[in-house]
Amino acid sequence: MSKFSCDSYNFISIIDKIVSSGRISHAYIIQVKNYDEDFLLVKTFVKEILCKDKKTFNDISSCSSCNICSLIDSDNYPDLFIIEPDGKEIKKSQLLGLQKEFQNKSLLENKRVYILKEADKLNETAANTILKFLEEPSNDIIAILVTTNRYRMMETILSRCQVLSIDSKDSEVIYDNEIADLINFMCDGDSLFINYNDIINNILSDKVIAVARLKIIEELFVQYLTDKSLNSFDKYFLKLSDDIIVKYTLIIEEYLKKLEYNVNYKLWLDAFFASLLVVRNNV
C-alpha cells in the first residue's frame with residue numbers, strides 16, 4: 001500500500017465523502033504541492049470514481065484486482081486522458097484533439113475523465129476552449145484540472161469547478177466571508193429578504209458568482225450531513241433539521257440547473273429565495 005503524507009489526509013477524507021455520497025461534480029480543480037508526489041493521489045481519486053466496486057480511497061490505493069484499476073495504474077484505461085503542456089503551455093490543438101476523442105462512445109460504458117496537468121499553463125485560446133467544455137458539461141465526462149496555484153487560473157474557469165487541495169491547511173472546501181453570511185441568512189430564513197439588497201449587490205451579484213458560491217454551499221451541506229464535523233458552521237446548521245438541509249441542497253441543485261439557461265437573473269434569484277422560504281416556513 002502506498003504511503004501518503006499527513007498533508008493528504010484531509011484530501012482523502014473529502015474525496016471519500018464526495019464519492020460515497022454520489023455527488024460527483026463534472027469538474028474539479030485540484031491544487032497540489034508537488035506534481036510528482038501528489039499526482040498519484042489525483043489518479044487514485046480517478047480510480048475511486050471509476051471503480052465498479054465502490055471502494056474507499058485506502059482500498060483503492062492498493063487495488064490491482066479489478067480491470068479498471070489495473071488499466072489506470074498502467075496508463076492504459078481507454079477513457080482516461082491526461083494532457084500535459086506541449087513545451088511551455090497547453091495549446092488549443094491539444095484540447096480540440098480531446099474534444100474529438102469525446103465524440104466517440106465510451107469503450108467501457110463508464111464515465112470518461114480528462115486530466116489537465118499544470119492547468120495554469122493553458123494559453124489564452126486553450127483556456128477559452130476548456131471554458132466551453134465546462135459551460136456545457138456532459139453527464140459522463142469529468143474534468144480534473146491540476147495546478148500548484150489555483151489563483152493562476154482564469155477566474156471564469158475557477159468559478160465552474162469544485163476546488164480541492166492536497167494540503168493540510170487548505171483541503172476543505174474553500175469559502176469566504178460572503179459565503180458564511182449567505183449560509184447564516186439561509187439558516188435564519190427571513191434574513192434572506194431582510195438582507196436582500198446586500199445579497200444581490202455583494203454576495204450573489206451576478207450569475208458566475210452565484211454558481212461558484214452556491215456550489216460551495218451545496219458541498220458544505222453535503223459534508224455536514226455526512227459527518228457533522230464542520231465546526232465553523234455548526235452555529236448555523238444546528239438551526240435546521242437534516243431534512244431541511246437535504247431540501248435546501250436539492251433546491252440549490254435544481255436552481256443551478258435553471259441558471260444554465262438564458263433566464264432573467266433577478267427573477268431567478270427571487271424564485272430561488274422563495275423556494276428556500278417555503279421549506280423553512282413549513283417546519
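Taking only complete DSSP H runs, can you tell me which helices of the chain stretch 15 Å or more along their own long axis by Cα positions and average at least -0.5 on the Kyte-Doolittle scale? The partial results should precede the final answer.
Details: long enough: 9-21 (18 Å, 0.80); 35-50 (22 Å, 0.38); 124-135 (16 Å, 0.23); 177-188 (17 Å, 0.36); 207-227 (30 Å, 0.74); 242-259 (26 Å, 0.26); 265-281 (24 Å, 0.85).
For the chain, where a helix must reach 15 Å along its axis and average at least -0.5, the hits are 9-21, 35-50, 124-135, 177-188, 207-227, 242-259, 265-281.
Relative contact order of region 6-165, please, whole-number percent, based on alpha carbon pairs below 8 angstrom and at least 6 residues apart. Don't jump to the answer; show the numbers that get you there.
On the way: 208 pairs, mean separation 56.1, N = 160.
Across region 6-165, relative contact order equals 35 percent.
Show me 257-264, 272-279 ranked by packing, highest mean number of other Cβ atoms within 10 Å first. Intermediate results must be reported in sequence, preceding the final value.
On the way: 257-264: 10.8, 272-279: 16.5.
The most tightly packed comes first, giving 272-279, 257-264.
Taking all pairs of different Cα atoms in region 6-165, averaging 1/r and flipping that mean, what Kirkwood radius in angstroms comes out?
The Cα-based Kirkwood calculation yields 16.0 Å.
Looking at this model, which pairs from Lys17/Lys207; Lys100/Lys121; Lys47/Lys258; Lys17/Lys52 are more than 26 angstrom apart at the alpha-carbon?
Violating the 26 Å Cα-Cα cut-off are Lys17/Lys207; Lys47/Lys258.
Can you pull the three principal axis extents for the Cα set of region 177-281, in Å, largest first?
37, 26, 26
Can you tell me, using C-alpha contacts under 8 Å and at least 6 residues apart, the relative contact order of the chain as a whole percent?
That works out to 21 percent.
For Ser106, what charge total do you get from the other residues with a beta carbon under 10 Å from its beta carbon, if Lys and Arg give +1 and Asp and Glu give -1?
After counting each charged neighbour, the total is 0.
Can you tell me the order of 146-153, 23-30 when each peptide is scored by its average per-residue count of other Cβ atoms within 10 angstrom, highest first?
Working: 146-153: 16.0, 23-30: 19.2.
Averaged packing, sorted descending, gives the order 23-30, 146-153.
Each value in this text was obtained by applying a stated rule to the coordinates, not by laboratory testing. These numbers were taken from a predicted model, which means no experiment stands behind them. We place every Cβ from the backbone using ideal geometry, glycine too, and count neighbours over all the protein chains shown.
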